[in-house]
Amino acid sequence: PFLDRHGIRQLFLLLNQDISMDTSGLKQDSGSDAEVTVQFQNFWSAQVLYSYNLVRFGTFTGAPNCPSPYDCTPGFGILDRTRVYVEPRVRFTLNSNENRTWYFSYQFDWKKFAQFRENFYGRGQTHYLYVSGRLFNRTRLEFTGTWIRELLLDGPPFQMRRLFLTRLTHQFTRKLRVRTLAQLSNDRREQDFSINSIVAYDFTARSAIIVGYNYQKRAPGMPGDLGNE
């Protein structure tokens, strides 16, 4: 509905329910969502979401006998393969007017969840920040930062996960542009740093030449490193 009063321009309401089952008819996961979004008259917006999901640790989410240390983590227990895990979530989001020179989006997320990759069931808090803007007429800067704090159900911390991403784009002319993306992420397993950059020239609407450079480094050193390309 459009209100156009009390500083509110429009309201958006969403209700959702879904369920999925395997080929034998056993329920693997189901969920319900309720979401309210308020768009203000200055075109800022705020959103509140509540979701309640049920998920089963089934045959597609891990091997039963822990074939490698990557799949099973000593000291933190192993998730019960037959158990259905409850995953409630509350999310709050605030967005500024995306038509302005500078735009930002902030999101706070609280949830209880099962992370099958880590054989972990606990609580998590996430802070997400996105900022973008034009530095000059032809230069655009974007930054994304994500901080995730995970705790076991009885309270002890499990890990901190961080992801930082910066993208810089400069349009020299209508046909020549350059873009560089730098990304840093880390958790209790590893730290990953990568750079991706391209120089592109458009001859026509259907033809272009692109030269790219990629670099990736993981710590501790892993065979998956891309190095320089």
## Note on the structure
Flagged in region 188-222 as of a type in the set (S, T, N, Q) and not in a loop (DSSP other than H, G, I, E, B), in numbering order, are GLN191, SER194, ASN196, SER197, ASN214, GLN216
### Message
Being surrounded by 15 or more Cβ atoms within 10 Å (Cβ to Cβ) and not in a strand (DSSP E or B) is the filter here; which residues of region 160-187 pass it?
### Response
ASP187
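Of all residues being touching a strand residue (DSSP E or B) at 6+ places or on another chain (Cβ under 7 Å) and of a type outside the set (A, V, I, L, M) in region 1-14, which is surrounded by the most Cβ atoms within 10 Å (Cβ to Cβ)? Just the residue, please.
At the first step, the residues of region 1-14 found to be touching a strand residue (DSSP E or B) at 6+ places or on another chain (Cβ under 7 Å) are 1-3, 7-14.
From what's left, of a type outside the set (A, V, I, L, M): 1-2, 7, 9-10, 12.
On the way: PRO1: 7, PHE2: 9, GLY7: 11, ARG9: 16, GLN10: 14, PHE12: 12.
Within region 1-14, the match that is surrounded by the most Cβ atoms within 10 Å (Cβ to Cβ) is ARG9.
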### Task
May I ask you to list the residues in region 117-151 that are open to solvent by 40 Å² or more (accessible area, probe 1.4 Å) and among the hydrophobic types (A, V, I, L, M, F, W, C)?
LEU129, VAL131, LEU135, PHE136, LEU141, PHE143, TRP147
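Being touching a residue at least 24 places away in the same chain (Cβ under 8 Å) and not in a loop (DSSP other than H, G, I, E, B) is the filter here; which residues of region 118-132 pass it? Talk me through it step by step, then tell me what you get.
So the first thing to find is which residues in region 118-132 are touching a residue at least 24 places away in the same chain (Cβ under 8 Å), and the list is 118-125, 129-132.
Once the filter is applied, which keeps residues that are touching a residue at least 24 places away in the same chain (Cβ under 8 Å) and not in a loop (DSSP other than H, G, I, E, B), region 118-132 yields GLU118, PHE120, TYR121, GLY122, ARG123, GLY124, GLN125, LEU129, TYR130, VAL131, SER132.
For (1) in contact with a Pro (Cβ under 6 Å, 6 or more places away or on another chain); (2) more than 21 Å from TYR52 (Cα to Cα), each residue gets a yes or a no:
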{"residue": "THR126", "(1), (2)": "no, no"}
{"residue": "LEU151", "(1), (2)": "yes, no"}
{"residue": "ARG161", "(1), (2)": "no, yes"}
{"residue": "LEU165", "(1), (2)": "no, yes"}
{"residue": "LEU181", "(1), (2)": "no, yes"}
{"residue": "ASP187", "(1), (2)": "no, yes"}
{"residue": "VAL199", "(1), (2)": "no, yes"}
{"residue": "PHE203", "(1), (2)": "no, yes"}
{"residue": "SER207", "(1), (2)": "no, yes"}
### Query
Residues in region 149-159: is at least one assigned to a strand (DSSP E or B), at pLDDT 95 or above and of a type in the set (S, T, N, Q)?
no
### Task
Scan region 43-60 residue by residue and report those that are modelled with pLDDT under 95 and not in a strand (DSSP E or B).
PHE57, GLY58, THR59, PHE60
### Query
Is region 184-191 home to any residue that is under 25 Å from GLY133 (Cβ atoms) and either touching a residue at least 12 places away in the same chain (Cβ under 8 Å) or within 21 Å of the chain's Cα centre (by Cα) (or both)?
yes
### Query
What do you reckon, is ALA200 open to solvent by 50 Å² or more (accessible area, probe 1.4 Å), farther than 29 Å from ASN97 by Cα and not β-branched (Val, Ile, Thr)?
no
### Summary
The number of residues in region 15-47 that are open to solvent by 80 Å² or more (accessible area, probe 1.4 Å) and either in contact with a Ser or Thr (Cβ under 7 Å, 6 or more places away or on another chain) or among the hydrophobic types (A, V, I, L, M, F, W, C) (or both) is 6
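The values are calculated or read from the model by the stated rules, or taken from the named source; none is laboratory data. Values in this document were obtained by computation on a predicted structure and should not be read as measured data. Cβ coordinates were reconstructed from backbone atoms using ideal geometry, including for glycine residues, and neighbour counts include every protein chain displayed. Calculation scope for accessible area: heavy atoms of the full protein, side chains included, ligands and nucleic acids excluded. Shrake-Rupley method; radii C 1.70, N 1.55, O 1.52, S 1.80 Å.
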